[in-house]
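What follows is calculated from the coordinates using simple rules that are stated; it is not laboratory data. Only a predicted model underlies this, so the values are computations on that prediction, with no experimental measurement involved. For neighbour counting, all protein chains shown are included, and Cβ atoms are generated from backbone atoms with ideal geometry for every residue, glycine included.
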Amino acid sequence: MSDGRRKTSNMIKIFFDSRQSVSENDSFSPSAQKPAQVAESWRNLGIPVEFSSFIPCTKKQIKLVHKAAYVDGVFKGTHVNGFGNKSNQVAAALPWVCGSMVAAALYAFENKTNTFSPTSGAHHAGYERGGGFCTFNFLMLAAVLVHQAGAQRVGIVDCDMHFGDGTENIIRKIGIDYVQHYSFARSDFSGPDDGQNFIDHFPDELRKFSNCDIILYNAGADPHINDPLGGVLTTDQLRSRDFLLFLCMKKLGIPVATSLAGGYQRDENGGIKPVLEIHDNTLLECHRVLTEY
Ligand SMILES: [Zn+2]
């Protein structure tokens, strides 16, 4: 324990409720079905984790970061969600998806400890619309609610392959000045072309967050070199990315709430095993830093 602010237990809290996952959603992205699969995979890693349920977000809370008509339209089935459909199942899961990340962020901030939320599909959702498999921006919702709970500055470290345009849009539309946003991809949506160069400079980027009270880490699996929408980082480099983030924040005494973001690889049976392995590694690196450093 570097600074006495952290809890002495290395138990990592995961905020999961089966209602945040849907059984079917017609989309290239597995995001809506992913929480249950990731939670199961994490449960089987053999490291000390504790699963907690949580209170789902209300429409009123979601409207803190989105236009009311958009929120109401998605829930009524009159406006397309971020997958481009009007699925009732997806709509019913959204308060739980948002609630998972909000609970993870609040617990991390209040207890100065790292937490996980097996959710994805936030950062392309802007103030008035979704897109890119993202319906409501639970990163920004968590940022606003953790700020209301007392965090002066909130860092969003977005390591998905694609630029967090929805996050930028909401920051601008609402005029939020307490969120510091880093995106792995550039604002023109191009990513770094050299994985090692990214790893070499990542610690410098992370140190810029030293005045934040919490980090929301969007740990994308789609920067993987084999991802159909990615293609930059090897498995080892993705692990290094996670390791560097958790180590840097531990040294700075800043708690981290981690969400999943994108990942589109499939195994030979059409399952998402390669994606699950990347998300497993993120939790394993967090555990390794907490116990060994
Ligand atoms: Zn992505």
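Assorted remarks:
- Loop-located trypsin sites (Lys or Arg not before Pro) in the stretch 195-268, at most 16 other Cβ atoms within 10 Å (DSSP): LYS208, ARG266
- Using only side-chain charges placed at the Cβ, +1 for Lys and Arg and -1 for Asp and Glu, the dipole size of the chain relative to its Cα centre rounds to 1120 debye.
- Amide H contacts under 5 Å for ASN218: VAL157, ASP158, CYS159, SER259, restricted to partners 5 or more places along the chain or on a different chain, H placed in the peptide plane at 1.01 Å from N.
- Across the stretch 27-81, the fraction of Cα-Cα pairs farther apart than 17 Å, rounded to a whole number, is 61%.
- Here r is the Cβ-Cβ distance between GLU110 and GLU205 and R0 is 22 Å; the resulting FRET efficiency, rounded to 0.05, is 0.25.
- Electrostatic bookkeeping for VAL74 treats Lys and Arg as +1 and Asp and Glu as -1; over the other residues with beta carbon under 12 Å from its beta carbon, the sum is +4.
- Each Cα pair under 8 Å and six or more residues apart adds its separation to the average, and for the chain the resulting relative contact order is 19 percent.
- Each of THR291 and ILE225 was given a label point 7 Å from its Cα along the Cα-to-Cβ line. The distance between the two points is 2.8 nm.
- Sparse packing (at most 12 other Cβ atoms within 10 Å of the Cβ) combined with a DSSP loop state is found for the following chymotrypsin sites (Phe, Trp or Tyr not before Pro) in the stretch 122-228: PHE189.
- Residue with peak Gaussian network fluctuation, the chain [Cα springs, cutoff 10 Å], from ASP236, ASP222, ASP213: ASP236
- Stokes-Einstein, applied to the Kirkwood radius of the stretch 1-105 over Cα pairs at a viscosity of 0.890 mPa s and 25 °C, places its translational diffusion at 160 µm² s⁻¹.
- The convex hull defined by the C-alpha atoms of the stretch 12-292 has an orientation-averaged projected area of 13.0 nm².
- Potential extension, ALA92-THR58 segment - 0.36 nm per residue separation minus Cα distance: 11.1 nm
- Based on DSSP H segments of at least four residues, each scored -39500 (n - 2.57), the chain has a per-residue ellipticity at 222 nm of -13000 deg cm²/dmol.
- For the stretch 14-83, the set of GluC sites (Glu not before Pro) satisfying both a DSSP loop assignment and a count of at most 12 other C-beta atoms within 10 Å is given as GLU24.
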